[in-house]
Amino acid sequence: MAISERAPGITFTHWDTEERLATDAGEAASWRLGYDEDPARPGFMHVRWGPGEGAPEHRHKSWTANVVIRGRLRIGEDWYEAGSVALIEPNIWYGPLEAGPEGAELIEIHATIAGLEPIWRDGADPIVQSMLKWDTDTGKGNWR
């Protein structure tokens with residue numbers, strides 16, 4: 001029996017069984033906290049990158065926390081190990097992000113769903129272009 005059947009209001013899922021959105025910047029599953037009618041509700045993602053994968057420099061409109069849970073992650077010039085937490089203020093440029101040779105996984109937490117949308121510094125970057133095309137083609141941007 002699933003816990004949600006025993007305890008109304010509690011839902012368990014698993015990041016490997018949730019829909020994973022695959023793009024040129026890696027793949028992720030996302031969750032939203034709160035009720036649909038709450039415009040300021042927070043959300044988070046489980047991001048999985050293969051060796052050398054990552055994301056170009058960008059910013060978000062809300063507070064963001066990146067929690068490295070496996071592997072090593074480069075943010076800008078510095079490398080971070082599993083267990084590292086980056087707290088990022090709104091509208092602060094950061095990156096590029098790059099997974100180490102063993103890949104990386106992180107939990108990316110956003111204070112608001114709208115703040116999850118990345119604002120890319122270089123719109124001409126090939127990864128950014130493919131992400132924008134993917135969002136236009138699928139309508140599956142996590143910030144919707």
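Worth pointing out:
- Where labels lie 7 Å past Cα in the beta-carbon direction, separation of Arg20 and Glu81 in nm: 2.6
- Normalised by 2.2 N^0.38 Å, where N counts its residues, the alpha-carbon radius of gyration of the range 1-118 equals 1.12.
- The 3J(HN,Hα) values that the Karplus relation (6.51, -1.76, 1.60; θ = phi - 60°) gives for the range 57-68 are, in residue order, 4, 7, 9, 10, 7, 10, 4, 9, 10, 10, 10, 6 Hz. Gly and Pro appear as x.
- Simple point charges give the picture: +1 on the Cβ of Lys and Arg, -1 on the Cβ of Asp and Glu, and for the range 3-60 a dipole about the Cα centre of about 180 debye.
- Scattering from the range 55-124 was approximated by placing one identical point on each alpha carbon and applying the Debye formula without solvent; log10 I(q)/I(0) at 0.13, 0.17, 0.22 1/Å stands at -0.34, -0.58, -0.94.
- Angle in degrees between helix 126-138 and the longest Cα principal axis of the chain, rounded to the nearest 10: 30
- Relative contact order for the chain, counting Cα pairs under 8 Å that sit 6 or more residues apart, in percent: 26
- In nm, spacing of pseudo-spin labels at Ile10 and Leu132 (7 Å Cα→C-beta vector): 4.6
- Charged-residue dipole, Cβ positions (Lys, Arg, Asp, Glu), the chain about Cα centre, Debye nearest 20: 240
Values quoted throughout were computed directly from the atomic coordinates according to the rules given, and no laboratory measurement underlies them. Fair warning: this is a prediction, and the values are worked out from it, not measured in the lab. Every residue, glycine as well, gets a Cβ built from its backbone with ideal geometry; the counts of neighbours run over all protein chains shown.
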